[in-house]
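Report on the structure given below.
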Amino acid sequence: LPPTPAVRVSAAPLPPAGPALAIGRTSVDLGSVDSTDVVDLTNTGGAPVDIRVGALPPWLTAVPGTTRLDPGFQTQLVITLDRAAAPVGTLDVAVSVTPARGTGGGTIRVSAHVAEGPEIVSVRAPGLRPEQCATEEAPSSGQLTVEVRDVVGIFRGELVTTGPDGQTATVDLTLVDAVDDLSTWAAPVGPVAAGGEVRYTVTVTDLESRVARESGAIAVPACP
């Protein structure tokens, strides 16, 4: 969310005073889902105010629309949480917003809850045979099924396979079923031209950009 430019909020006569920075609110709760919020900053004094934001952890930013506000003007402080990089658990961070000189400013408490990332519970690979000796019971292609646990929801999944001939294929996982925080996904594998090994890597990404990955191999017996 880009910060808005400074706008004049009042045409009333300004008090004959120095810079004075007013903060619209002193708490921001991003909950379990939101990543961005804004807080109004206003210069209520009679001289320009330079806005200073204190040091923050690398996964949280607080950026004002402008770093200098003229008397009677307002801007927004854009607060953004990088959920993919933030530590898991309940977060409570003090954001210091003060004038370089003058009065006002204060501390904004930013709270949020960051859930555990996705967990690949199981991967069920199909039994495959080379095309020249495949049967209905032992086909040369099939579905690889992945069970995932994630409390915020999966955004996307991907399957990358490399066949015995060295050819690589990438396909998206398709949602099959979901119950509470468990979901089942599937993707096709094959057809396989020859015996050997089909190597695979499953990658799932949740709505907070957290990633889980698992690799394995499917043994394909050679034709008799």
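The values are calculated or read from the model by the stated rules, or taken from the named source; none is laboratory data. Values in this document were obtained by computation on a predicted structure and should not be read as measured data. A quick note on method: Cβ atoms are made from the backbone with ideal geometry, for glycine too, and the neighbour counts reach across all protein chains shown. Quick note on the areas: whole protein, heavy atoms, side chains included, nothing else; ligands and nucleic acids left out. Shrake-Rupley method; radii C 1.70, N 1.55, O 1.52, S 1.80 Å.
So with the 1.4 Å probe, I'd like the accessible area per residue for the range 30-178, rounded to whole Å².
Normalised by residue count, the accessible surface of the range 30-178 is 49 Å².
So which trypsin sites (Lys or Arg not before Pro) in the range 15-85 end up in coil per DSSP with only 14 or fewer other C-beta atoms within 10 Å?
Here the sparse-neighbourhood loop sites are ARG25.
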Estimated Rh, the range 40-136: Kirkwood, alpha-carbon pairs, angstrom: 17.3
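Within the accessible area of the chain, what % is carbon and sulfur when the probe is 1.4 Å and the other protein chains stay in place?
Working: 5910 of 11520 Å².
Carbon-and-sulfur percentage of accessible area, whole number: 51.
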Mind grabbing the base-10 log of I(q)/I(0) for the chain at q = 0.08, 0.10, 0.17 Å⁻¹? Debye formula, identical points on the C-alpha positions, no solvent, two decimal places. -0.50, -0.63, -1.05
So, counting K/R as plus one and D/E as minus one, what does the shell of residues with Cβ under 13 Å around THR174 add up to? -2
Going through the range 95-137, which GluC sites (Glu not before Pro) have at most 10 other Cβ atoms within 10 Å and a DSSP loop state? GLU136, GLU137
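Could you give the length gained by full extension between ASP34 and SER215, i.e. 0.36 nm per residue of separation minus their alpha carbon distance, to one decimal place?
Stretched fully, the ASP34-SER215 segment lengthens by 62.0 nm.
Pull out the extension gain between ARG52 and ARG25, defined as 0.36 nm times the separation in residues minus the alpha carbon to alpha carbon distance; nm, one decimal.
8.1 nm is the gain from fully extending ARG52 to ARG25.
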When a/c reaches 1.5 or more, the comparison of a/b and b/c decides; with that in mind, is the range 150-200 rounded, prolate or oblate per its Cα gyration tensor? prolate
Taking Cα centroids, how far is the range 167-224 from the range 47-115 in Å? 42
Quick one: accessible surface of CYS133, probe radius 1.4 Å, all protein chains present, in square angstrom to the nearest 10. 30
